[in-house]
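The values are calculated or read from the model by the stated rules, or taken from the named source; none is laboratory data. Bear in mind that the values here come from a model prediction, so they are computed numbers and not experimental data. All Cβ positions, even for glycine, are placed from backbone atoms using ideal geometry, and neighbour counts span all protein chains on display.
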Amino acid sequence: MRATIRDVARQAGVSIATVSRVMRDSETVRPETRDRVLAAAGDLEFVPSHLGRQLAERRHAANGIVFPDLSGPYYAEVVLGYEAVAAELGRSVLILSTRGRDDADDAVRAMAERCDGLVVVSGRTVDDDVVARLAARGTSLVLVARPPVDTVDSVNAENDASARALTRHLLDLGARRLVFVGDPSTSPDVAERLHGVQEALTEADVAADVEIRHVQNLDEQCGAEVVGDYLGRALPDAFVCANDELALGMLGRLRAAGVDLPSRVRVTGWDDVMAARYAGLTTVRQPMRELGATAARLLDELISGTRTHPRHELLPTQLVVRTSTTLGKETP
């Protein structure tokens, strides 16, 4: 893989912005610094790109954010946090949704040309190789809710420990037959949540099991449809949903069918969106706005050249107990 502007900055001990100014033959760089940068560039056989030059110039005064989908409260909260910080920093925001696009890779690359940097949310947007190629070209990147790629910055919310706590809560209430609703193959977050559930069951002193119900969509309609399938046969002790939207759809369908909650079946979600609080949904609260806000701050550090080393942030989550699992004391 060819050397990037970050590699030169790291070897020369300067910021990305300084490397870019040297490449543009700016007179604002001290001679000794210029010599050090040019020596590093020669050693690494670095070939400057127009993207690298844009990093220092902040030519676009705009950041980009890429989502797999713009529907649902989770993505709305992330973008609100992102835009709030971007506005404080004097940056405008371009938003791209890759849902249903056959040209998603090309669309993301084209956006990178129009922005000083990109935040890429979820693994359902573009593959890791697209991210790696953009990083190699000198694009400032931050990943959200997906595993790190090479030295690209990332921001994630903790999943495993909270999923274990959620599962132990259900086991303590007597649940033994659980159904996990989601598709771990399409989301690293969902996969980590399922892993936490499975590990908690393995560690438990009681006989319990989890069935995995793969679903295409994580919305209320899908949740209601899953409940419909189980109403004609034995209900599980608990539905463990990959997000709140699924769980809210389930609660509505179960209540409409006259199923006694939570004594007959328990339902849990993930995210703690506003509707979950009014519906009495037990869930895991994750800092959705802070995911977007943290990504905006990290991206600005890369664009401004104040930092060259990668950062990987893991934000805490919290189990919130409500009446969809127990009529006892609730978590505030």
Legend entry - Residues of the stretch 295-331 satisfying the condition of being at pLDDT 90 or above and basic (Lys, Arg): Arg297, Arg311, Arg322
Inset, instruction - Residues being in contact (Cβ under 8 Å) with a residue 40 or more places away in the chain, at positive phi and surrounded by fewer than 20 Cβ atoms within 10 Å (Cβ to Cβ): count how many of those fall in the stretch 142-190. - result: 1
Legend entry - Residue list for the stretch 91-123, filter: surrounded by 17 or more Cβ atoms within 10 Å (Cβ to Cβ), closer than 16 Å to Asp69 by Cβ and of a type outside the set (Gly, Ala, Ser): Leu96, Thr98, Val108, Val119, Val120, Val121
Inset, instruction - Enumerate the pairs (first residue in the stretch 197-209 and within 10 Å of Arg164 (Cβ to Cβ) and in contact (Cβ under 8 Å) with a residue 24 or more places away in the chain; second residue anywhere and among the acidic types (Asp, Glu) and outside any helix (DSSP H, G or I)) with beta-carbon separation below 8 Å, excluding pairs fewer than 6 apart on the same chain, so at least 6 apart or on different chains. - result: Leu201/Asp209
Inset, instruction - Can you confirm whether the stretch 129-136 contains a residue that is under 21 Å from Tyr75 (Cα atoms) and not polar (S, T, N, Q)? - result: yes
Legend entry - Verdict on Val206 being within 30 Å of Thr323 (Cα to Cα), in the same structural domain as Val265 (by TED's automatic domain parsing) and surrounded by 23 or more Cβ atoms within 10 Å (Cβ to Cβ): no
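Results for (1) among the charged types (D, E, K, R); (2) touching a strand residue (DSSP E or B) at 6+ places or on another chain (Cβ under 6 Å), shown as yes or no for each residue.
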{"site": "Val131", "(1), (2)": "no, no"}
{"site": "Ser154", "(1), (2)": "no, yes"}
{"site": "Ala175", "(1), (2)": "no, yes"}
{"site": "His195", "(1), (2)": "no, no"}
{"site": "Glu203", "(1), (2)": "yes, no"}
Legend entry - Members of the stretch 136-153 that are modelled with pLDDT of 90 or more, among the charged types (D, E, K, R) and closer than 17 Å to Cys115 by Cβ: Asp153
Legend entry - Complete set of residues in the stretch 68-108 that are at positive phi and in contact (Cβ under 8 Å) with a residue 12 or more places away in the chain: Gly72, Gly90
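Taking into account only those residues within the stretch 191-203 that are among the charged types (D, E, K, R) and within 30 Å of Val126 (Cα to Cα), which is surrounded by the fewest Cβ atoms within 10 Å (Cβ to Cβ)?
In the first step, residues of the stretch 191-203 are kept if they are among the charged types (D, E, K, R); the result is 192-193, 199, 203.
Imposing the further condition that a residue be within 30 Å of Val126 (Cα to Cα) reduces the set to 192-193, 199.
Values: Glu192: 20, Arg193: 28, Glu199: 15.
My answer is Glu199.
For (1) part of a loop (DSSP other than H, G, I, E, B); (2) among the hydrophobic types (A, V, I, L, M, F, W, C); (3) loosely packed, with under 12 Cβ neighbours inside 10 Å, each residue gets a yes or a no:
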site	(1), (2), (3)
Val215	yes, yes, no
Val226	no, yes, no
Tyr230	no, no, no
Leu235	yes, yes, no
Val240	no, yes, no
Gly252	no, no, no
Arg255	no, no, no
Val259	yes, yes, no
